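A short worksheet on the structure shown next.
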Amino acid sequence: QKEVEQNSGPLSVPEGAIASLNCTYSDRGSQSFFWYRQYSGKSPELIMFIYSNGDKEDGRFTAQLNKASQYVSLLIRDSQPSDSATYLCAVNVLTGGGNKLTFGTGTQLKVEL
Amino acid sequence: ETGVTQTPRHLVMGMTNKKSLKCEQHLGHNAMYWYKQSAKKPLELMFVYSLEERVENNSVPSRFSPECPNSSHLFLHLHTLQPEDSALYLCASSQDWVRGLMHHVRDQETQYFGPGTRLLVL
């Protein structure tokens with residue numbers, strides 16, 4: 001069983017639409033959740049992090065966390081072509097020896113003109 | 001720029017070569033990481049160093065040997081690699097707030113990645 005699961009996509013949305021990216025995780029001890037964006041040939045960059053149940057908004061991005069369902073999502077409003085990338089979900093179980101993130105395989109998002 | 005640099009950016013080596021990857025962070029962090037990213041696979045955590053002490057070794061073959069001489073520098077020494085080791089090798093850093101005994105600020109859990117080294121083993 002995969003520890004962090006994401007639909008690999010590609011997810012195609014028209015410009016201006018809302019893109020919804022989903023992630024489920026298996027470890028109930030997971031405490032922090034991250035969304036990274038990775039452009040082709042580049043390294044991951046942090047988009048959002050969340051650790052409390054509910055929604056967290058930052059500009060066009062909203063992260064949603066439901067620990068009971070072991071589910072975290074990322075909504076991108078007013079999608080732009082520049083949002084086309086692979087979005088990686090990562091979870092963190094704090095153990096006091098570094099922050100060990102477990103990543104999903106990523107969802108490829110394509111925003112079409 | 002994230003404040004994490006990696007050299008070289010690209011590396012081609014034969015299976016009998018020995019090479020080293022270098023990572024340097026300018027963020028004042030006390031934890032550093034090596035990841036391997038292969039096509040269609042999730043990022044694989046290879047090693048974790050916290051306060052210059054190795055705290056994680058995820059069943060990585062001994063042909064990969066990490067070194068962390070101080071909190072700002074991390075190396076990955078490579079020898080007798082196999083073609084299946086060809087991948088993007090990413091370095092990251094963060095604040096280890098638990099072991100660092102610092103005030104718990106969630107932002108400090110974030111890992112910042114370097115640009116990566118694209119490795120090809122022939």
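The values are calculated or read from the model by the stated rules, or taken from the named source; none is laboratory data. On a predicted model such as this, the values are computed, not experimentally measured, just so you know. Neighbour counts are summed over all protein chains in view; Cβ atoms, including those assigned to glycine, are modelled from backbone coordinates with ideal geometry.
Laid out as a table, the results:
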| item | result |
| --- | --- |
| Residue check, A:ASN22 at pLDDT 95 or above, farther than 30 Å from B:THR5 by Cβ and not β-branched (Val, Ile, Thr) | yes |
| Residue in the range A:50-62 that is closer than 14 Å to A:GLU3 by Cα, modelled with pLDDT of 90 or more, surrounded by 17 or more Cβ atoms within 10 Å (Cβ to Cβ) and within 14 Å of chain B (Cβ to nearest Cβ) present | no |
| Which numbered condition A:GLU45 misses (of (1) crowded, with 20+ Cβ neighbours inside 10 Å; (2) within 28 Å of B:GLU52 (Cα to Cα); (3) within 11 Å of chain B (Cβ to nearest Cβ); (4) not hydrophobic (A, V, I, L, M, F, W, C)) | (1) |
| Residues located in the range B:45-67, provided they are surrounded by fewer than 17 Cβ atoms within 10 Å (Cβ to Cβ) and either of a type in the set (Lys, Arg) or at pLDDT 90 or above (or both) | B:ARG54, B:PRO61, B:SER62, B:ARG63, B:SER65, B:GLU67 |
| A:ASN99 vs. criteria out of contact with any Cys (no Cβ under 6 Å at 6 or more places or on another chain) and within 24 Å of B:LYS36 (Cβ to Cβ) | yes |
| Filter result (farther than 26 Å from A:LYS42 by Cβ and surrounded by 14 or more Cβ atoms within 10 Å (Cβ to Cβ)) within the range B:68-91 | B:HIS79, B:THR80 |
| Which listed residue, of A:TYR39, A:TYR87, is away from every other protein chain (no Cβ under 11 Å) and touching a residue at least 60 places away in the same chain (Cβ under 8 Å) | A:TYR87 |
| Subset tally (residues that are under 17 Å from A:PRO81 (Cα atoms) and within 11 Å of chain B (Cβ to nearest Cβ)) for the range A:12-35 | 0 |
| Residues within the range A:47-94 that are among the β-branched types (Val, Ile, Thr) and within 25 Å of B:SER38 (Cβ to Cβ), tallied | 5 |
| Count of residues meeting criterion [modelled with pLDDT under 95, under 20 Å from B:CYS68 (Cβ atoms) and aliphatic (A, V, I, L, M)] in the range B:1-42 | 3 |
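Residues are listed down the side, and each one gets a yes or a no for (1) modelled with pLDDT of 95 or more; (2) farther than 28 Å from B:ALA31 by Cα:
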{"residue": "A:ALA68", "(1), (2)": "no, yes"}
{"residue": "A:SER73", "(1), (2)": "yes, no"}
{"residue": "A:ARG77", "(1), (2)": "yes, yes"}
{"residue": "A:ASP83", "(1), (2)": "yes, yes"}
{"residue": "A:THR86", "(1), (2)": "yes, no"}
{"residue": "A:VAL91", "(1), (2)": "no, no"}
{"residue": "A:THR95", "(1), (2)": "no, no"}
{"residue": "A:GLY98", "(1), (2)": "no, no"}
{"residue": "A:PHE103", "(1), (2)": "no, no"}
